[in-house]
Amino acid sequence: MKILVNGAWRDTSAVDLAAALHEMGYGEAVVATALNGEFVPAGSRPAARLADGDRIEVLAPMQGG
Amino acid sequence: MLQVYGIELRSRLFLGTSRYPSPAVLSEAVKASRAQVVTVSLRRESSGERAGQGFWSIIRELGVRVLPNTAGCHSVKEAVTTAQMAREVFGTSWIKLEVIGEDDTLQPDVFGLVEAARILAADGFEVFPYTTEDLVVADKLLAAGCRVLMPWGAPIGSGRGLNNLFGLKALRAHFPEVPLVIDAGIGVPSHAAQAMELGFDAVLINTAVAQAADPVRMAAAFAQAVEAGWDARLAGPMEPRDLAAPSTPVIGTAFLK
């Protein structure tokens with residue numbers, strides 16, 4: 001199925017958000033995630049099932065004012 | 001000492017971490033500023049570049065407290081979700097809440113700001129709202145649960161100093177017990193000193209330091225200005241007057257005509 005990750009479409013075989021992050025190589029990176037505009041805490045990623053067309057945001061610390 | 005949400009801070013200068021020429025200069029500027037609080041943000045991270053991980057390790061090494069922002073958010077939902085994500089990543093319930101309402105001036109959408117502040121405060125966040133000097137909005141933000149206010153001096157990144165002195169003085173006078181941090185628009189150290197002399201509790205600087213020809217030196221200059229302005233406030237400035245008043249005593253002046 002296709003999912004939209006940080007604005008770019010990609011194919012995935014992952015069934016949940018935790019598996020998708022692993023598949024994409026985020027590993028132990030400090031990131032926060034949102035699925036279809038809703039925050040998904042790190043502990044809830046394995047329970048967040050993915051469906052075709054889902055939008056995922058993966059955010060990390062960045063410079064800010 | 002300045003106290004915000006139960007935390008005591010020696011430094012009254014908050015520093016932004018954006019737009020520095022290099023990570024090394026950012027790090028040295030933070031040290032030179034003696035700031036104990038720096039602002040940070042969240043952005044999309046690609047699994048390949050991992051730019052955010054490097055930045056985060058630099059900030060952690062500095063041993064400062066972080067104040068994550070919701071910069072770039074134009075709606076209540078975006079701001080609330082970003083705040084939730086920031087709380088997890090940065091491990092703090094502090095959030096500098098920005099809900100932008102107008103792109104040319106980056107003026108806050110104060111209606112969305114109050115609504116987002118209410119949602120976040122109820123969810124346990126300690127909210128630092130980026131607002132205007134409007135008294136009514138300030139009142140509503142306090143009622144929503146904010147214990148600190150961050151009124152703008154001038155539009156973000158403009159360097160124009162304190163645009164509305166009358167409004168800012170009124171805000172200070174109206175809420176004498178609320179920590180007020182001037183956020184945005186400060187261009188040079190004299191602006192920061194002026195804010196402190198007027199009785200504001202702290203200032204948040206970013207572009208004025210980051211975009212200076214020598215950011216590290218400018219960070220140190222701002223640190224001195226903030227301290228000087230705060231000391232001057234405590235010392236009790238004289239009242240200005242329209243006519244001259246001789247500073248040298250006139251009694252006993254020689255008659256030499």
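Each value in this text was obtained by applying a stated rule to the coordinates, not by laboratory testing. Keep in mind that what you see is a predicted model, and the values were worked out from it rather than measured. A quick note on method: Cβ atoms are made from the backbone with ideal geometry, for glycine too, and the neighbour counts reach across all protein chains shown.
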query = Given the rule -39500 (n - 2.57) for each run of at least 4 DSSP H residues, summed and divided by the residues of the protein assembly as shown, what is its mean residue ellipticity at 222 nm, to the nearest 500 deg cm²/dmol?
reply = -10500 deg cm²/dmol
key: Calculated from backbone phi, Karplus (6.51, -1.76, 1.60) coupling profile of the range B:176-181 in Hz, x at Gly/Pro   = x, 9, 8, x, 10, 10
note = hull vol. (C-alpha, convex hull) per residue for chain B, Å³ -> 163 Å³
task = Using only Cα atoms, locate the centre of the range B:6-39 and the centre of the range B:90-165, then give the distance between them in Å, rounded to an integer.
result = 20 Å
remark   = Interchain or sequence-distant (5+) residues whose placed amide H lies within less than 5 Å of the amide H of B:D134 are none
note = For B:K96, the residues 5 or more places away or on another chain with a placed amide H closer than 5 Å to its own amide H are B:N69, B:T70, B:F128
query = Taking chain A, which GluC sites (Glu not before Pro) meet the DSSP loop condition and have no more than 15 other C-beta atoms within 10 Å?
reply = A:E28
request  = Please find, in a Gaussian network model of chain B (springs between Cα atoms separated by less than 10 Å), the residue of B:L62, B:L243, B:L204 whose mean-square fluctuation is greatest.
outcome  = B:L243
key: Residue-by-residue Karplus 3J(HN,Hα) for the range B:157-163, coefficients 6.51, -1.76, 1.60, Hz, glycine and proline x   = x, 7, x, 8, x, 8, 5
task = Report the equivalent ellipsoid semi-axes for the protein assembly as shown in whole Å, largest first, defined as the square roots of five times the eigenvalues of the gyration tensor built from alpha carbon atoms.
result = 44, 21, 15
request  = May I ask for log10 I(q)/I(0) of chain A at q = 0.17, 0.24 Å⁻¹, from a Debye sum over the Cα atoms as equal point scatterers with solvent left out?
outcome  = -0.53, -1.05
For B:G101, distant residues with modelled amide H under 5 Å away = B:Q107, B:D109
inquiry  = Name the residue from B:L162, B:G236, B:V137 whose Cα lies farthest towards the positive end of the charge dipole of chain B, charges +1 on Cβ of Lys and Arg and -1 on Cβ of Asp and Glu.
reply    = B:G236
remark   = Low-density loop trypsin sites (Lys or Arg not before Pro), the range B:1-79, at most 16 other Cβ within 10 Å, DSSP non-H/G/I/E/B, are B:R10, B:R19
note = When chain B is treated as a Gaussian network with springs between alpha carbons less than 10 Å apart, the largest mean-square fluctuation among B:A83, B:A121, B:A173 is found at B:A173
message = Under 8 Å for C-alpha pairs, at least 6 residues apart: give me the relative contact order for chain B, rounded to a whole percent.
response = 19 percent
request  = Once you've got the GNM for chain B with C-alpha springs shorter than 10 Å, pick whichever of B:L165, B:L198, B:L97 has the biggest mean-square fluctuation.
outcome  = B:L165
query = Which whole-number value in Å³ per residue fits the convex hull of the alpha carbons of the range B:81-146?
reply = 77 Å³
query = When the convex hull of the Cα atoms of the range B:1-105 is projected onto a plane and the area is averaged over all directions, what value comes out in nm²?
reply = 7.9 nm²
remark   = Computed over the range B:179-238, the relative contact order (Cα-Cα under 8 Å, seq sep at least six) in percent reads 41 percent
inquiry  = Please compute, for peptide B:194-201, the average count of beta-carbon atoms on other protein chains lying within 10 Å of each residue's beta-carbon.
reply    = 0
task = Please work out the FRET efficiency for the pair B:Y5 and B:H74, using the Cβ-Cβ distance as r and a Förster radius of 41 Å; give the result to the nearest 0.05.
result = 0.95
inquiry  = With every atom except the alpha carbons ignored, what do you get for Rg and Dmax of the range B:150-221, in angstroms?
reply    = 11.9, 38
inquiry  = Just want to confirm a number: the relative contact order over the range B:1-67, from Cα pairs under 8 angstrom separated by 6+ residues, in percent.
reply    = 32 percent
